[in-house]
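Right, one structure below, let's go through it.
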Number of protein chains: 2
Amino acid sequence: MLPPKSNFSEWYHEIIQHAQIMDIRYPVKGLYVWFPFGFKLRKLVYGKLREIMDREHDEVYFPALIPETELGKEGQHIKGFEDEVYWITHGGMDELDVKLALRPTSETAMYPMFRLWIRSHADLPLKVYQVVNVFRYETKHTRPLIRLREITSFKEAHTAHRNYEEAEENVKKAISSYKEFYDSLAIPYFVIKRPEWDKFPGADYTIAFDTIMPDGRTLQIGTVHHLADNFAKTFDIKYETPEGDHAYIHQTCYGISERCIASLISIHGDDVGLILPFDFAPHQIVVIPILYKGKEELVMNVANRVYDRLKSMGFRVVMDDSDDRPGAKYYRWELFGVPLRIEIGPREAESNEAVISFRDEKVKRKISIEELTEDSIKTWAEEMHERLRRKALDSLAEKTKLFESISEIKEWIGKGVALTYLCSSTECGEELESLAGAGVLGEVLELPEGVEAEKDGSCVICGRPGKLNAIAKSY
Amino acid sequence: MLPPKSNFSEWYHEIIQHAQIMDIRYPVKGLYVWFPFGFKLRKLVYGKLREIMDREHDEVYFPALIPETELGKEGQHIKGFEDEVYWITHGGMDELDVKLALRPTSETAMYPMFRLWIRSHADLPLKVYQVVNVFRYETKHTRPLIRLREITSFKEAHTAHRNYEEAEENVKKAISSYKEFYDSLAIPYFVIKRPEWDKFPGADYTIAFDTIMPDGRTLQIGTVHHLADNFAKTFDIKYETPEGDHAYIHQTCYGISERCIASLISIHGDDVGLILPFDFAPHQIVVIPILYKGKEELVMNVANRVYDRLKSMGFRVVMDDSDDRPGAKYYRWELFGVPLRIEIGPREAESNEAVISFRDEKVKRKISIEELTEDSIKTWAEEMHERLRRKALDSLAEKTKLFESISEIKEWIGKGVALTYLCSSTECGEELESLAGAGVLGEVLELPEGVEAEKDGSCVICGRPGKLNAIAKSY
């Protein structure tokens with residue numbers, strides 16, 4: 001049994017283990033093991049992400065080890081990462097001449113190679129991505145999928161362009177790709193431009209996707225960085241323009257980690273377990289024969305027929321013909337978030353019917369087995385997706401409020417996102433952070449559906465013209 | 001232009017870079033970058049390997065970092081790896097309390113968890129695998145795909161069974177899986193039981209797949225280990241038997257690295273580039289319109305029609321309608337190993353015909369475009385596979401010879417594999433190694449097709465009864 005989801009921190013801790021996402025018992029803090037079930041979910045979620053990336057990017061793989069000499073080249077970048085880099089000092093019994101960093105992110109592994117790959121304007125844009133493990137020496141409280149020492153599934157894309165504007169166009173494309181990805185997961189989000197003091201080390205600016213977790217804290221689930229020519233200058237990456245000049249490239253990079261799965265679990269799940277959108281569920285449909293003495297054969301015949309039929313349609317279907325009583329079977333598959341349950345008892349078997357129910361509803365419906373067509377199942381899946389999306393949006397809207405005074409913001413913090421107006425000065429931002437006891441996430445570029453607020457207003461600190469900003473406690 | 005393949009070492013070095021498999025210019029010895037094309041090839045090859053593994057194994061992911069305390073538990077194991085483990089000593093500015101090893105292989109990451117996963121006989125067999133990066137501090141000459149400091153694509157499977165015999169059954173299954181995999185790549189192999197002194201550290205015995213590279217040196221392209229209860233005793237992994245007793249599990253593990261791709265490139269390639277089996281070629285078919293002035297439209301119409309037709313059949317097809325002259329086009333796609341080339345000039349376009357040729361043959365054939373059906377292409381692909389297989393087998397047979405005297409063996413070493421008979425004593429094995437100046441690969445369990453030799457004979461050193469052994473210089 002899980003703790004109630006209202007006790008989110010414990011619920012999360014337990015569901016990760018019990019729904020067999022990750023085994024949290026690995027003997028090093030901040031490192032976890034992907035169970036087979038969790039790995040299947042990961043594969044489906046990252047399959048979607050790859051599908052989106054593959055349209056305009058090439059997948060590549062760069063080494064996990066970065067020499068200190070490269071990692072240290074970009075001043076802002078190394079300053080941002082030096083406290084959390086794992087250093088390899090020894091190979092076997094030998095001390096290494098040049099220390100090697102375990103990649104915390106791959107700019108400094110990739111860009112020395114970009115210098116070799118890019119010669120002329122014809123080589124641009126260059127758009128690549130990789131899905132890799134990256135490492136951060138986290139000293140804060142670690143949590144599976146959220147704050148890890150080995151991020152096992154970091155999708156990082158890196159691009160090069162002819163100038164600032166073309167790179168900015170790509171920032172917009174990246175944002176729209178990430179929107180498509182999170183829409184497919186029915187996860188709502190804010191699109192927020194991080195304040196100056198919180199941008200990616202080495203970036204010109206950073207745009208983040210934030211969602212709200214059930215406990216009211218926000219979770220950053222994706223970032224898109226415009227790097228301008230900052231790294232190009234450091235790594236001396238130039239191209240020949242059509243006019244024969246040599247110019248620095250402009251770059252972007254953007255990443256999504258397994259936090260996407262953390263949000264999927266946390267936002268849709270309930271007191272009894274996971275709730276997974278149909279397209280991402282490792283088991284999409286469970287067939288449960290209700291076996292009464294003397295009627296086993298009748299029921300199993302129909303159940304097998306239904307199973308085979310669904311299987312042949314290409315659905316990921318599982319049959320639970322174990323000896324457990326129905327309640328135990330329901331409980332098990334609810335825990336794993338199976339979207340569609342099909343029960344077949346003797347009465348149903350006799351009349352060629354089945355009882356269907358969806359994981360996110362309490363409703364049972366009797367249908368004729370002929371109604372189990374590919375089209376009808378896809379339609380039901382879309383309806384369920386829409387219900388999940390709607391529910392998640394409602395919950396996010398409830399946790400988001402616009403305020404005009406510091407005292408109201410202070411009271412709200414911990415419950416969700418406070419929206420308010422801030423001018424662009426760092427002083428006002430920092431004062432708000434210290435008064436509210438929470439972080440300024442930045443200027444809200446896009447609100448989730450159902451949340452409305454004007455984009456412009458008076459700075460809550462100084463009264464000068466300001467922009468809509470989000471303030472919250474974050475993971 | 002590549003150096004001739006007869007100069008194998010340079011040819012290999014150049015083809016890896018020029019055919020865009022890996023970029024060898026990364027600024028750390030023994031680390032390389034997968035280019036987009038190389039990564040596509042990797043994805044196809046590992047897709048096949050995963051397909052085979054998925055039938056009976058669950059995919060999982062275990063952490064890359066192993067605490068010194070776990071890695072050091074199994075005495076033989078740590079002795080085998082201690083010279084080549086990368087040690088992480090610092091996180092940020094802090095020295096770590098317990099040093100962390102970058103996994104050289106994952107027994108000691110997995111088995112402490114197996115101890116928690118396995119309770120009863122009902123949990124057995126347990127069969128998992130992962131495809132991960134592993135790290136070895138190689139001090140010898142490094143080489144892309146062959147000897148690396150980061151093995152980027154290590155497929156390692158780990159299984160647990162009730163007793164020695166059931167584990168041995170699984171060793172046989174693993175061998176047959178690996179045979180299926182290498183057969184699909186048209187790579188011939190010996191199946192060889194490694195001598196005692198060369199088995200995996202911690203194993204009861206090791207069986208390896210060895211192939212012969214064009215320069216006559218062997219390449220180990222897969223290993224299967226019976227671990228007996230060696231690790232189970234170290235990590236205290238017991239299960240409850242049906243009778244209620246507690247017994248140690250017996251284990252196996254088996255691995256394949258990106259050496260599978262090294263063998264694919266080396267064995268099939270020729271002086272002008274890669275030759276890839278149809279199923280694994282990132283580009284399976286190239287359509288080359290031969291454009292003459294005034295006839296462009298006619299030719300392009302037919303070429304586009306052919307391209308669309310092949311695309312709709314699901315083939316990975318590319319159109320080269322660049323302005324390059326035909327020779328340059330041929331050269332480019334030959335380098336990338338495209339199996340099927342379709343040329344369409346004005347004459348062909350007029351008569352609704354095309355000229356087809358296969359990468360491994362010098363033959364051109366004119367066919368009617370209607371003959372380009374899914375079935376005929378699949379048949380041609382199978383014929384090409386058979387030609388590649390046959391050619392590789394012939395070449396391997398030429399490089400393999402049975403000898404009865406040390407002097408003959410000595411003369412042969414460097415040209416290929418010397419077969420001879422050895423008794424089971426370590427002394428005779430070591431003496432042969434020192435006399436022949438090459439390594440004893442071990443007892444040959446299976447010879448490649450076309451190589452014949454009796455399994456039993458007199459030991460070439462002492463004359464006592466012996467088994468057929470293979471001796472060679474290896475990568």
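Here, each number is a calculation from the coordinates, and none is a lab measurement. Bear in mind the structure is a predicted one, so any value in this text is a computation, not a measurement. Note: ideal-geometry Cβ built from the backbone for every residue, glycine included; neighbour counts use all protein chains shown.
Give me the Kirkwood hydrodynamic radius of the protein assembly as shown in Å, from all C-alpha pairs, to one decimal place?
31.0 Å
If one computes the Cα centroid of region A:311-387 and of region A:116-166, what distance in Å separates the two points?
That distance is 40 Å.
Given 10 Å bins starting at zero, what is the percent of C-alpha pairs of region A:8-132 in each, up to the one with the largest pair distance?
10, 26, 31, 25, 7, 1
Less than 12 Å Cβ to Cβ from residue B:124, Lys/Arg counted +1 and Asp/Glu -1: what total charge do the surrounding residues give?
Residues close to residue B:124 contribute a combined charge of +1.
With each pseudo-label sitting 7 Å past Cα toward Cβ, what's the residue A:361-residue B:316 distance in nm, one decimal?
A separation of 4.3 nm, rounded to one decimal place.
For region A:400-472, just the Cα atoms, rotate onto the principal axes and tell me the three extents in Å, largest first.
Reported extents, whole Å, longest axis first: 31, 25, 17.
Fewest Cβ neighbours within 10 Å first, please rank B:312, A:458 accordingly.
In increasing order of surrounding Cβ atoms, one gets B:312, A:458.
State the three equivalent ellipsoid semi-axes of chain B, derived from the C-alpha gyration tensor as the square roots of 5 times its eigenvalues, in descending order and whole Å.
44, 28, 22
In whole Å and largest first, what semi-axes does the C-alpha gyration tensor of region B:293-396 yield when each eigenvalue is scaled by 5 and square-rooted?
25, 16, 12
Find the centroid of the Cα atoms in region A:408-475 and in region B:218-236, then give the distance between the two in whole Å.
58 Å
Inside 10 Å of the C-beta atoms of A:31-44, what's the mean count of C-beta atoms belonging to other chains?
The shielding value for this peptide is 4.
Cut-off is 10 Å between beta-carbons; in what order do A:260, A:253 appear when sorted fewest neighbours first?
Ascending number of Cβ neighbours within 10 Å: A:253, A:260.
Could you give the longest part of chain A that holds none of the GluC sites (Glu not before Pro) found in DSSP loops with at most 14 neighbouring Cβ atoms within 10 Å?
By the stated rule (loop sites, at most 14 other Cβ atoms within 10 Å), A:1-242.
Could you work out the pair-distance distribution P(r) of region A:249-326 from its alpha-carbon pairs, with 10 angstrom bin width and percents rounded to whole numbers?
For region A:249-326, the binned pair fractions read 15, 31, 26, 16, 8, 3, 2, 0 percent.
Assign one of three labels to region B:361-414, namely rounded, prolate or oblate, based on the Cα gyration tensor with a ≥ b ≥ c the square roots of its eigenvalues; rounded applies when a/c is under 1.5, prolate when it is not and a/b is larger than b/c, and oblate otherwise.
Here region B:361-414 falls in the prolate category.
Once the piece of chain linking residue A:454 and residue A:243 is laid out straight, how much longer is it, given 0.36 nm per residue of separation minus the C-alpha distance between them?
Length gained between residue A:454 and residue A:243: 71.4 nm.
Quick one: length gained pulling residue B:56 to residue B:411 fully straight, 0.36 nm per residue minus the C-alpha distance?
123.3 nm
Nearest 0.05, what FRET efficiency do residue B:296 and residue A:425 give at R0 = 45 Å with Cβ-Cβ as r?
Computed FRET efficiency for residue B:296 and residue A:425 comes out at 0.15.
Which distances, in nm and shortest first, link the residue A:140 label point to the same label point in every other copy, taking 7 Å along Cα→Cβ?
Ordered by distance, the counterparts are at 4.6 nm.
How large is the convex hull of the C-alpha atoms of region B:26-100 per residue, in Å³?
In region B:26-100, the Cα hull volume divided by residue count equals 174 Å³.
If I take R0 = 45 Å and measure r between the Cβ atoms of residue A:387 and residue B:387 in this structure, what FRET efficiency does the formula 1/(1 + (r/R0)^6) give, to the nearest 0.05?
Using R0 = 45 Å, I get an efficiency of 0.20.
Taking loop as defined by DSSP and a crowding limit of 15 other beta carbons within 10 Å, which chymotrypsin sites (Phe, Trp or Tyr not before Pro) in region A:273-309 fit?
Here the sparse-neighbourhood loop sites are A:292.
Over all distinct Cα pairs, what is the inverse of the mean 1/r for region B:60-147, reported as the Kirkwood hydrodynamic radius in Å?
The answer is 14.8 Å.
How many nm is it between the label spots at residue A:7 and residue B:69, if each spot is 7 Å from the Cα in line with the beta carbon?
Result: 2.9 nm between the two label points.
List the distances, in nm and shortest first, from the label point of residue B:449 to the matching label points in every other copy, placing each point 7 Å from Cα along the Cα-to-Cβ direction.
Result for residue B:449, in nm, nearest copy first: 5.8.
Past 26 Å, Cα to Cα: identify those pairs from B:293/B:366; A:29/B:140; A:29/A:99, in the order given.
A:29/B:140
DSSP loop (so not H, G, I, E, B), at most 16 other Cβ within 10 Å: list which trypsin sites (Lys or Arg not before Pro) in region B:112-147 pass both filters.
Listed in order of number, the matching sites are B:119, B:140.
May I ask which of A:43/A:415; A:40/B:127; B:329/B:391; A:401/A:455 have a Cα-Cα span longer than 23 Å here?
Checking Cα-Cα distances, A:43/A:415; B:329/B:391 exceed 23 Å.
If you average the sequence gap of Cα pairs under 8 Å that are 6 or more apart and divide by the length of chain B, what percent do you get for the contact order?
Contact order relative to length: 14 percent.
Ratio of region A:344-475's C-alpha Rg to 2.2 N^0.38 Å, to two decimals?
With N residues counted in region A:344-475, Rg over 2.2 N^0.38 Å equals 1.67.
Assuming a ≥ b ≥ c are the square roots of the Cα gyration tensor eigenvalues, decide whether region A:140-274 counts as rounded (a/c under 1.5), prolate (otherwise, with a/b larger than b/c) or oblate.
It comes out prolate by the Cα gyration axes.
Please give, to one decimal in nm, the separation of the simple spin-label points placed at residue B:352 and residue A:398, each 7 Å out from Cα toward the Cβ.
A separation of 6.7 nm, rounded to one decimal place.
For residue B:375 and residue B:196, calculate 0.36 nm times their separation in residues minus their Cα-Cα distance, and state this gained length in nm to one decimal.
59.5 nm
Between copies, how far apart are the residue B:240 label points? List them in nm, one decimal, shortest first, with each point 7 Å from Cα toward Cβ, please?
Its label point is 7.5 nm from the equivalent points in the other copies.
So how do B:217, A:316 line up by other beta-carbon neighbours within 10 Å, fewest first?
In increasing order of surrounding Cβ atoms, one gets A:316, B:217.
Please work out whether region B:8-268 counts as rounded, prolate or oblate from its C-alpha gyration tensor, where a ≥ b ≥ c are the square roots of the eigenvalues and a/c under 1.5 means rounded, while otherwise a/b larger than b/c means prolate and anything else oblate?
Oblate shape, in that a/c is at least 1.5 and b/c is the bigger or equal ratio.
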